[in-house]
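Colleague: My questions all concern the structure below.
The values are calculated or read from the model by the stated rules, or taken from the named source; none is laboratory data. Predicted model, so just to flag it, every value in this text is computed and none were measured. We place every Cβ from the backbone using ideal geometry, glycine too, and count neighbours over all the protein chains shown. Accessible surface is based on the protein model in full, side chains and every heavy atom, while ligands, DNA and RNA are left aside. Shrake-Rupley method; radii C 1.70, N 1.55, O 1.52, S 1.80 Å.
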Amino acid sequence: LRNCTVRDNVCQVGTGISNDHTAEGGGFYSGSGSETFLNCSIFHNTDYSFGGGHTYAYGGGINVSSGSLWITNSVIGSNLVYSTGGYAATSDGGGINTGSSVTGAVVNCSIAYNNLDGLSSSGNAALPVMNTILYFNANNGTQILGPTNVTYCDVLGGFSGVGNINNNPFFLE
């Protein structure tokens, strides 16, 4: 995707019965493949799972389960991901969620104002994040969850890595 806006989409999965439900990617979902975002805006998307069993919701803005994800010069903001369930409810990746084998990079992006962590990666994939702002996600809580190689980024609360800072960015519309 180039020069695109992905906005106001909803992925909603569930019923009142005791089944397990998984919602993936409020704005964009890929089970596998090579996904590229260049100069895109991904915002105001919702990923919601509900039901009587276990419920899982991953990636309010973007969810990529396997393959590759390349995001450059893009904004991922104000996305929602949540789940409610009878037994257990799990939600990750308010902005971006990646699976255990995803490769690629996030470069020169702003990831902000998502209801949960800005970036969540699972498994052994240490997704490189460079020259990116991760701020005001998760109600000023966790910005990054899981293995990630973060360099020269502005991360709320700080993050270990070369050149990272913790300075309040001034976002202008």
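Colleague: Would you check which residues across segment 85-96 are outside any strand (DSSP E or B) and open to solvent by 50 Å² or more (accessible area, probe 1.4 Å) and list them?
Modeller: Of segment 85-96, the ones outside any strand (DSSP E or B) are 86-87, 93-95.
If the condition is that a residue be outside any strand (DSSP E or B) and open to solvent by 50 Å² or more (accessible area, probe 1.4 Å), then Gly86, Tyr87 are the ones that fit.
Colleague: Criterion first (modelled with pLDDT of 95 or more and buried (at least 23 other Cβ atoms within 10 Å of the Cβ)) does Asn79 satisfy it? Before the answer, list the steps.
Modeller: On the way: modelled with pLDDT of 95 or more: yes; buried (at least 23 other Cβ atoms within 10 Å of the Cβ): yes.
Judged against the criteria, Asn79 is a match.
Colleague: A further question on this structure: Taking the criterion of being of a type outside the set (A, V, I, L, M), out of contact with any helix residue (DSSP H, G or I) (no Cβ under 7 Å at 6 or more places or on another chain), open to solvent by less than 30 Å² (accessible area, probe 1.4 Å) and at pLDDT below 95, would at least one residue in segment 38-47 satisfy it? Quick ask: steps written out before the conclusion?
Modeller: Within segment 38-47, the first condition is being of a type outside the set (A, V, I, L, M), and the residues that meet it are 39-41, 43-47.
From what is left, the residues that are out of contact with any helix residue (DSSP H, G or I) (no Cβ under 7 Å at 6 or more places or on another chain) are 39-41, 43-47.
Keeping just the survivors that are open to solvent by less than 30 Å² (accessible area, probe 1.4 Å) gives 40, 45-47.
Now drop any that are not at pLDDT below 95, which leaves none.
No.
Colleague: Next question, about the same structure. Take residues that are within 17 Å of Cys11 (Cβ to Cβ) and tell me which of the strands (runs of 3 or more DSSP E) falling wholly in segment 35-84 contain 3 or more. Step through it out loud before you land on a result.
Modeller: Numbers: elements: 41-43, 46-51, 54-58, 62-64, 68-72, 75-77.
Fully inside segment 35-84 and qualifying: 46-51, 54-58, 62-64.
Colleague: Give me the pairs, please: first residue somewhere in segment 154-173 and within 14 Å of Val129 (Cα to Cα), second residue anywhere and of a type in the set (Gly, Ala, Ser) and in a loop (DSSP other than H, G, I, E, B), beta-carbon distance under 9 Å, and either six or more positions apart or on two chains.
Modeller: That search, which allows pairs on different chains as well, returns Val155/Gly118; Val155/Gly161; Asn164/Gly158; Ile165/Gly158.
Colleague: Which of the residues spanning segment 117-137 are within 28 Å of Leu172 (Cα to Cα) and open to solvent by 50 Å² or more (accessible area, probe 1.4 Å)?
Modeller: Answer for segment 117-137, where residues must be within 28 Å of Leu172 (Cα to Cα) and open to solvent by 50 Å² or more (accessible area, probe 1.4 Å): Met130, Asn131.
Colleague: Residue check: is Phe50 open to solvent by 30 Å² or more (accessible area, probe 1.4 Å), closer than 20 Å to Ala105 by Cα and of a type in the set (A, V, I, L, M, F, W, C)?
Modeller: Spelling it out, it is not the case that Phe50 is open to solvent by 30 Å² or more (accessible area, probe 1.4 Å), closer than 20 Å to Ala105 by Cα and of a type in the set (A, V, I, L, M, F, W, C).
Listed here are the residues, each with its yes/no results for (1) of a type in the set (S, T, N, Q); (2) within 17 Å of Ile42 (Cα to Cα).
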{"position": "Asn73", "(1), (2)": "yes, yes"}
{"position": "Leu80", "(1), (2)": "no, yes"}
{"position": "Gly99", "(1), (2)": "no, no"}
{"position": "Ala105", "(1), (2)": "no, yes"}
{"position": "Leu119", "(1), (2)": "no, yes"}
{"position": "Ala126", "(1), (2)": "no, no"}
{"position": "Asn149", "(1), (2)": "yes, no"}
{"position": "Gly158", "(1), (2)": "no, no"}
{"position": "Asn167", "(1), (2)": "yes, no"}
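Colleague: Go through (1) at pLDDT below 95; (2) within 15 Å of the chain's Cα centre (by Cα) one by one and return the number of the condition Ser101 breaks.
Modeller: Of everything listed in (1) at pLDDT below 95; (2) within 15 Å of the chain's Cα centre (by Cα), Ser101 misses just condition (2).
Colleague: I'd like to check something: does segment 10-18 contain any residue that is more than 24 Å from Ala112 (Cβ to Cβ) and buried (at least 16 other Cβ atoms within 10 Å of the Cβ)?
Modeller: Yes: one or more hits.
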